[in-house]
Each structure stands twice: as structure tokens, then as C-alpha cells.
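Everything below concerns the one structure shown next.
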Amino acid sequence: MKIIIVVGARPNFMKAAPILDTISRRNASLRNGSEKIQPVLVHTGQHYDAAMSDAFFSDLNLPQPDTFLGVGSGSHAAQTAEIMKRFEEVLLREQPDIVIVVGDVNSTMACALVAAKISYNAEGHRPLIAHVEAGLRSFDRSMPEESNRVVTDHLSDLLFVTEESALKNLEREGIPKERVFFVGNTMIDSLRTFEGKAAQSKILERVGISAKNGNNGSTQPGTPYVLLTLHRPANVDRRETFLEILEGIWDVATSYPTIFPTHPRTQKQIVQHKLESYFTFPERDSRGSGQERQTKAITVVEPQGYLDFVCLMKHARLVITDSGGIQEETTCLGVPCVTVRENTERPVTLTSGTNVLGGTRRDSIRDAIQRQLVRNHKTVIPEMWDGKASTRIIEILTARKDLQKRNVLQASRVDDAATSSRN
Ligand code: UD1
């Protein structure tokens, strides 16, 4: 069985890595004669900087991609079209049985669309399309990711779901139940696998947070700090919105050291909007590099690799973010999170986890931060976020393939856990 796994942008890498790892462990454990899975890793190149891509390959022990499409940046249409053109050639050459796409980025939707329309031969054979992290909905069509989610889900043959809300969304949209599997969250598989390694990171010292030695050689912060990430076009592309958000976090940013690993888009917008006075740039201004943070301002650092970022999240007093995945990771780490958005496609992080929506107005953000700083967090790890999502996915895929071989085209065999949690 040949499976193409597509990655393209930063949030894809930690979702795909445990699936590849599960495949290679399964292959290694097979007796002679059993069918191996041949994985083919395709990187579209949507993200290409060392900090946005390469760092994740080494941190997550990802093998080098078998194919790199090198599409780079562009408008949504140009980027999507370029991925489609180049991915079509790969599909025709490799002719995989299954294409796995993860998450909600442009690469996810572009490759699903190509796979849905390809014909390997005159009979019109095409690969099965499997979507990992299916069914999430923000109900906000102004988000490019929402279009990507809806299109990808409606093209997919197998939809792997991370939380209960996604099951309801897919049912409401008329996706047949037989295609949908509640398997858990592969991003949390990565978190659980690499948490220990992340604890050895020296990032706290590097960003100027005083650190002391904890157990097992891990580092603990000597002082509480806030971790901030902002990259959504809706939040940083307009000066007024970006400024409003900065005003909303200013009180906490002047009370706690605030570390801001800054996405390339946001770095550009800080300069373009002339908002530098809110920030210090220790990596740019060599004077401050490596020294204890003194100034009352937000500390801009380069985007961090996976292990360093997990370490920064784990020890933070509070995380403020507009990312999707960070809402889930902070829930699992038990760290309070304020999401600088009006909605979330991951409602389980609000109902079970440590997340609250702060909106994008200065007062609502300030209120959410204050509430989170005094709240006594009792996080409940969401159902199935147990580090075994990738194992369930591979079990379902291999069962499906076996059935296909026997020409049983309808109905897939679902593992017990998936069936029972759906009912
Ligand atoms: C993409 C995803 C978003 C995800 C985010 C994580 C879509 C629609 N959006 O947004 O869901 O949360 O990744 O980062 O797919 N750039 C670089 N170097 C890079 C990559 C990007 O400088 O390696 C800059 C370029 O100026 C580019 C801009 O960032 O134009 C935006 O990159 P793009 O991949 O288009 O979208 P993201 O904002 O990163």
C-alpha cells in the first residue's frame, strides 16, 4: 500500500510526524509476507524558511521529503494553483492508494482537490483521500482556513476527527457517517512524544528569562512570563486592529516579560505599520542579546522550532495567541490561554480546556487576560487526546485497504473505540 502524506506549512509538520512514525514502526514489526505501507512524504514548500520548516524536520525526526514542490509564497489563488499543478505530476507518477492531508492550510485543500479529480487510468481510478483534523468549523467564512476545511472535508473519503463538535458539524453537512472516524488528535501525539525532550531546551536563557535548574536537568523559569503569538492576516494586516490588540495586551506585557516569537508576516507588518515602539528586538539589536530583559516592551524573537516552542508554552504563566493549534496544546499542558479571535473552530478547548476567547477589542482582551490570571484551572484532557490518534488512523486505513482488496466497496471497519464514541 502506497500512501502519500502531504505537508506544506508549519502547523502540518507536528500533525503528520506521528503518522509517519506509526507507519515506520508498523513496517518494522511486520513478519515476512505481510504487506508493508510505503509512505511518500510530499512537502509543497508553502513554508520554506529554516525557522518555519527545516527546524521542524529535525525536531520531530521527520524524514526528508521524498518530493519538494517548492511553491513558496503568493496570493491564495496563485499559491493554491501552483500547488495543484505540481502535485498533479506527483500523483500521476506515484499513483498512491491513499493521499493523507492534514489540517486546514492551502496545501491541504489544494492537494485534496487534485486527488479528487485525478484519473490514473481509463477506469478513472484515483486514490482515497483521508483528511486528518476534519470537521472543525469556526463558521467564519472570512477565514481562508474555513474554506479550506469545508472543501477538503467534502472531497474526502475518510475523515479523521479530533473532537465531538466536528462529528456534529459533519453530520449537519450531510457527510455519510461511514466516512467519519473519531480518532483523537495527532498533534497531541507529537506533544506527548516530545514533551520530555522539550524540557531539556535552553530557550528560556536564550530569550532572556532567568532560569533555574529543575528536576532531571530540565530548566524552570526564575520569573513568570507571558508567551505571545500573532500571525492571522485579520489581526495584523490592518494597523488599527493590530494596534487595538497591542493596547489590549499592554497591561500584562508591562507587568510580565512577554516573549513574542514572530511570524514573518507579523515582522513585516510591525515595520510597515510603524509599531516598533511596542517592542524590543534583542536578536536584532546585539546590545540586548542574551541579557536579562530590562525594558517594558514585548520581546520580539524569531519563530521558534518545535521543541523550544513547547518548552516556552509549558512554562508560561499565560499564552496569548491567534493560532489554532496552540489552543489545543495549551489545553493539554494545563496552561491558561487567551485566544485573540472572536471565534474558535476548536470549542473543546473552551469547554474542557484552558482556553478563553478574548476577541480583538482592547477591553475584551484585557478582561480575558485578567480573568485567566486569577482563574483556577481544572483542565480536562479532551476525549481521545491520549497520544494514540496516529495508531488508530493507520489501523483504520489498513483495514479499509484490506476490505477494498476483497472488493467490498462500501462500509469500512471501524475500531471499537471510534464506533462507540460516535454513538
Ligand atoms: C499559513 C496558514 C495558516 C497557518 C499558518 C501558520 C493558509 C491559508 N494559512 O498562514 O492557517 O496558521 O500558515 O504559520 O494556508 N512567509 C515567509 N517564510 C515562510 C512562509 C511564509 O516569509 O517560510 C511569509 C511570506 O511573506 C508569505 C506570508 O508569510 O507571503 C504568509 O505565508 P502563507 O503560507 O501564505 O500564510 P501564513 O500566514 O503563514
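The values are calculated or read from the model by the stated rules, or taken from the named source; none is laboratory data. These figures come from a predicted structure and were not determined experimentally. Here the Cβ is made from the backbone with ideal geometry for all residues, glycine too, and neighbour counts use every protein chain on show. In case anyone asks, the SASA skips ligands and DNA or RNA and just uses the protein heavy atoms, side chains included. Shrake-Rupley method; radii C 1.70, N 1.55, O 1.52, S 1.80 Å.
Return the residues of region 350-366 that are open to solvent by less than 50 Å² (accessible area, probe 1.4 Å) and either without any contact (Cβ under 8 Å) to a residue 24 or more places away in the chain or outside any helix (DSSP H, G or I) (or both); say none if nothing qualifies.
Matches in region 350-366: S352, G353, T354, N355, V356, G358, G359, T360.
This table checks each residue for (1) among the basic types (K, R); (2) open to solvent by 80 Å² or more (accessible area, probe 1.4 Å); (3) modelled with pLDDT of 95 or more.
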{"position": "P282", "(1), (2), (3)": "no, no, no"}
{"position": "E292", "(1), (2), (3)": "no, yes, no"}
{"position": "K296", "(1), (2), (3)": "yes, yes, no"}
{"position": "V301", "(1), (2), (3)": "no, no, yes"}
{"position": "V310", "(1), (2), (3)": "no, no, yes"}
{"position": "L318", "(1), (2), (3)": "no, no, yes"}
{"position": "S323", "(1), (2), (3)": "no, no, yes"}
{"position": "A368", "(1), (2), (3)": "no, no, yes"}
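Among the residues of region 194-231, what is the count of those that are closer than 30 Å to I393 by Cα and surrounded by 18 or more Cβ atoms within 10 Å (Cβ to Cβ)?
Counting residues in region 194-231 that are closer than 30 Å to I393 by Cα and surrounded by 18 or more Cβ atoms within 10 Å (Cβ to Cβ) gives 3.
Could you tell me whether region 136-152 includes any residue that is open to solvent by 10 Å² or more (accessible area, probe 1.4 Å) and either over 27 Å from H231 (Cα atoms) or in contact with a strand residue (DSSP E or B) (Cβ under 9 Å, 6 or more places away or on another chain) (or both)?
no
Could you list all residues from region 121-135 that are surrounded by fewer than 24 Cβ atoms within 10 Å (Cβ to Cβ) and in a loop (DSSP other than H, G, I, E, B)?
Answer for region 121-135, where residues must be surrounded by fewer than 24 Cβ atoms within 10 Å (Cβ to Cβ) and in a loop (DSSP other than H, G, I, E, B): N121, A122, E123, G124, H125, R126, P127.
Evaluate region 13-24: report whether one residue or more is touching a residue at least 60 places away in the same chain (Cβ under 8 Å) and open to solvent by 50 Å² or more (accessible area, probe 1.4 Å).
Yes, region 13-24 contains at least one residue that is touching a residue at least 60 places away in the same chain (Cβ under 8 Å) and open to solvent by 50 Å² or more (accessible area, probe 1.4 Å).
Just one of (1) in a loop (DSSP other than H, G, I, E, B); (2) within 15 Å of the ligand (Cβ to nearest atom) trips up K36, so point out which.
(2)
Based on what the data block shows, is E145 within 16 Å of the ligand (Cβ to nearest atom) and part of a helix (DSSP H, G or I)?
The answer is yes for E145.
Among what's in region 178-193 and is charged (D, E, K, R) and out of contact with any Asp or Glu (no Cβ under 7 Å at 6 or more places or on another chain), pick the residue that is most open to solvent (accessible area, probe 1.4 Å).
E178
Among the residues that make up region 40-58, is at least one of them within 22 Å of the chain's Cα centre (by Cα), over 29 Å from E146 (Cα atoms) and not basic (K, R)?
Yes - at least one qualifying residue is present in region 40-58.
Under 6 Å between Cβ atoms, which residue pairs at least 6 apart in sequence (or on different chains) link something in region 54-75 that is closer than 13 Å to V7 by Cα with a partner that is within 15 Å of the ligand (Cβ to nearest atom) and in a strand (DSSP E or B)?
P65/H43; F68/H43
Return the residues of region 102-120 that are part of a loop (DSSP other than H, G, I, E, B), in contact with a strand residue (DSSP E or B) (Cβ under 8 Å, 6 or more places away or on another chain) and under 23 Å from T398 (Cα atoms); say none if nothing qualifies.
If the condition is that a residue be part of a loop (DSSP other than H, G, I, E, B), in contact with a strand residue (DSSP E or B) (Cβ under 8 Å, 6 or more places away or on another chain) and under 23 Å from T398 (Cα atoms), then G103 is the only one that fits.
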